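A short worksheet on the structure shown next.
The values are calculated or read from the model by the stated rules, or taken from the named source; none is laboratory data. Note that the structure is a prediction, hence the values are computed from the model and not measured. Don't worry about glycine lacking a Cβ; one is built from the backbone with ideal geometry, like all the others, and counts go over all protein chains shown. Quick note on the areas: whole protein, heavy atoms, side chains included, nothing else; ligands and nucleic acids left out. Shrake-Rupley method; radii C 1.70, N 1.55, O 1.52, S 1.80 Å.
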Amino acid sequence: MAGVAPAGRFREGGAGPVERVDLGGRTVMPGLWDKHVHLTQWALVRRRLDLSGARSAAEAVRLVRDRLAEGPPEPGTALVGYGFRDGLWPDVPTAELLDAVAGSVPVVLVSGDLHCAWLNTAGLRFVGVGSHPTGVLRESEWLPLAAVVDRAPDHLTDAWVADAAAAAAARGVVGVVDLEITDNLTTWCRRFDAGFNALRIRAGVWTPWLDDVLAQGLRTGDIVPGTGGLLEQGPFKVVTDGSLNTRTAYCHDPYPGLTGPEAHGILSVPPDELVPLMKRADGGDLRCAIHAIGDHANTLALDAFAATGARGSVEHAQLLDPADLARFAELGVVASVQPEHAMDDRDIADRHWAGRTGRAFPYGALDDAGAVLALGSDAPVAPLDPWFAIAAAVSRSRDGRVPWHPEQRIDLRTALAASTDGRGLIPVAGGPADLVVLDADPLTIGRGAGGEADADVAAAALREMPVAGTLLAGRWTHRAL
């Protein structure tokens with residue numbers, strides 16, 4: 001594997017041809033990682049009807065109507081949309097609203113957080129649901145059915161994933177932790193056999209395939225043979241609660257206006273199931289990646305790490321009890337967070353976590369408490385672009401809005417370091433030649449002539465960071481110089 005050599009030790013006539021590149025004073029730093037993606041989902045979403053801008057059910061219906069006017073989907077398929085967030089909508093999504101514009105054409109609209117879907121009557125039949133009172137399927141009603149609309153021939157999905165990976169490389173990405181809900185190792189071995197080589201992949205494993213991975217003796221970090229050193233066994237993933245937008249994240253306090261057994265959200269994997277699962281995974285040297293969004297879910301996830309001694313991360317950590325902040329560092333649990341979610345969900349949080357948002361998406365407090373942060377996107381929930389995550393983490397703002405709880409910002413060096421897989425900000429001799437070449441220095445971008453920082457200007461500039469090149473193991477995966 002190509003690596004970084006100390007200055008002055010470069011030698012012509014090595015194992016292969018050598019190219020000297022004049023970088024013209026550009027900035028070079030370790031390549032970027034996205035620590036939480038669903039890469040196949042992201043590849044599919046890049047081809048779906050974008051509903052992220054819809055501010056009401058009526059507006060979403062108009063977008064569906066306009067798309068159908070361009071032409072219906074292929075026979076035997078559905079019109080699939082993605083990205084709606086109904087938590088603030090003034091009206092209620094129903095199957096009948098979609099029926100009025102789609103008729104017998106199956107329509108399946110997936111929420112931005114992936115935890116629910118809105119379907120018309122034909123769409124319900126398409127996914128195998130005979131009838132439903134509203135047409136909005138949430139959590140356990142929807143998640144087992146999600147794969148129905150994701151089905152496509154392997155050669156197509158693999159091509160779409162390759163295209164998405166190339167786009168990620170163009171933003172400086174050298175690796176991702178892929179947590180797709182599938183037999184990930186089999187899928188990725190197929191892709192590498194077919195020539196995939198754009199990114200390093202850490203392939204997570206879910207409960208249905210845990211026994212297979214344990215039987216093979218694969219540990220987190222093990223390189224899978226025959227993949228050019230680019231495919232590693234990733235962590236064991238468990239989803240313990242829902243999400244904010246669907247009001248299913250498991251919280252200590254009830255959601256405003258909700259009553260009954262699910263008023264506090266949904267705990268999908270309680271401790272008596274979670275702890276044995278984590279013990280099994282840890283016994284096979286697999287790190288654990290535990291999805292927890294609500295504050296009660298986070299408390300229980302940290303309790304499970306304490307009870308098992310397992311290593312790993314809490315994924316999302318969106319609402320935290322202040323008493324739990326120090327436990328991340330004490331237990332050695334990584335806070336794997338997605339700062340762009342705070343920008344997407346700030347208004348929803350203000351409504352549904354009213355009075356608690358000072359401890360929502362609490363990156364500054366986690367950093368102050370000594371927690372190790374790892375940044376990601378959870379693509380397709382947010383775009384697979386680390387510069388978006390970095391900008392959101394340091395500004396707590398987007399689109400010119402007033403920063404949301406600016407006390408929870410982290411500084412730029414911390415955000416950058418949380419995006420380089422522990423390799424810091426400067427390439428080190430002996431490290432892999434996974435590098436990004438930037439046309440601007442991220443540490444000075446957006447500063448005035450006197451060196452003063454303008455947070456809004458800097459954040460906007462970070463989102464548009466010009467990437468001149470990306471190298472993976474010394475090989476260009478993106479080059480614009």
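One table, with the values for the structure above:
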read-out: All positions within segment 295-310 that are outside any helix (DSSP H, G or I) and buried (at least 19 other Cβ atoms within 10 Å of the Cβ); value: Ala310
read-out: Failed criterion for Asp411 (all others in (1) crowded, with 16+ Cβ neighbours inside 10 Å; (2) of a type outside the set (A, V, I, L, M, F, W, C); (3) within 18 Å of Leu375 (Cα to Cα) hold); value: (1)
read-out: Qualifying residues in segment 115-161 (those that are part of a loop (DSSP other than H, G, I, E, B), more than 22 Å from Ala43 (Cα to Cα) and touching a residue at least 40 places away in the same chain (Cβ under 8 Å)) - the one least open to solvent (accessible area, probe 1.4 Å); value: Gly135
read-out: Unique match (being modelled with pLDDT under 95, farther than 30 Å from Val333 by Cα and either in contact with a Lys or Arg (Cβ under 7 Å, 6 or more places away or on another chain) or of a type in the set (D, E, K, R) (or both)) among Ala449, Ala453; value: Ala453
read-out: Count of residues meeting criterion [part of a strand (DSSP E or B) and open to solvent by 40 Å² or more (accessible area, probe 1.4 Å)] in segment 36-55; value: 1
read-out: Test: residue in segment 260-271 that is in a helix (DSSP H, G or I), at pLDDT 95 or above and among the aliphatic types (A, V, I, L, M); value: no
read-out: Every residue from segment 93-114 that is open to solvent by 10 Å² or more (accessible area, probe 1.4 Å) and either free of Cβ contacts under 8 Å to residues at least 24 places away in the same chain or hydroxyl-bearing (Ser, Thr, Tyr) (or both); value: Thr94, Asp99, Gly103, Ser104
read-out: Residue ID - farthest from Val269 (Cα to Cα), chosen from residues in segment 208-221 that are of a type outside the set (A, V, I, L, M) and surrounded by 16 or more Cβ atoms within 10 Å (Cβ to Cβ); value: Thr220
read-out: In segment 429-446, residue modelled with the highest pLDDT [restricted to those that are closer than 20 Å to Ala374 by Cα and part of a loop (DSSP other than H, G, I, E, B)]; value: Asp434
read-out: Residue satisfying condition, being in contact with a strand residue (DSSP E or B) (Cβ under 9 Å, 6 or more places away or on another chain) and of a type in the set (Asp, Glu), within set Asp411, Asp399, Asp367, Asp347; value: Asp367
read-out: Residue list for segment 272-294, restricted to those being assigned to a helix (DSSP H, G or I), open to solvent by 20 Å² or more (accessible area, probe 1.4 Å) and in contact with a strand residue (DSSP E or B) (Cβ under 8 Å, 6 or more places away or on another chain); value: Leu277, Asp282
read-out: Odd one out for Thr246 among (1) at pLDDT below 95; (2) more than 21 Å from Thr299 (Cβ to Cβ); value: (2)
read-out: Exclusive hit being free of Cβ contacts under 8 Å to residues at least 24 places away in the same chain and either within 25 Å of Arg463 (Cβ to Cβ) or not in a helix (DSSP H, G or I) (or both), set Gly175, Gly195; value: Gly195
read-out: The one condition in (1) free of Cβ contacts under 8 Å to residues at least 60 places away in the same chain; (2) within 20 Å of the chain's Cα centre (by Cα) that Asp295 fails to fulfil; value: (1)
read-out: Segment 327-360, subset touching a Pro at 6+ places or on another chain (Cβ under 7 Å) and surrounded by 18 or more Cβ atoms within 10 Å (Cβ to Cβ), residue nearest to Pro386 (Cα to Cα); value: Arg359
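Okay, residues lined up against (1) modelled with pLDDT of 95 or more; (2) among the basic types (Lys, Arg); (3) part of a loop (DSSP other than H, G, I, E, B):
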| residue | (1), (2), (3) |
| --- | --- |
| Leu384 | yes, no, yes |
| Trp387 | yes, no, no |
| Val394 | yes, no, no |
| Asp399 | no, no, yes |
| Glu407 | yes, no, no |
| Thr414 | yes, no, no |
| Ser419 | yes, no, yes |
| Arg423 | yes, yes, yes |
| Ala459 | no, no, no |
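Every residue, every condition in (1) touching a residue at least 12 places away in the same chain (Cβ under 8 Å); (2) within 24 Å of the chain's Cα centre (by Cα); (3) surrounded by fewer than 17 Cβ atoms within 10 Å (Cβ to Cβ), yes or no:
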residue: Gln233; (1), (2), (3): yes, yes, no
residue: Leu244; (1), (2), (3): yes, yes, no
residue: Arg247; (1), (2), (3): yes, yes, no
residue: Glu262; (1), (2), (3): yes, no, no
residue: Pro270; (1), (2), (3): yes, yes, yes
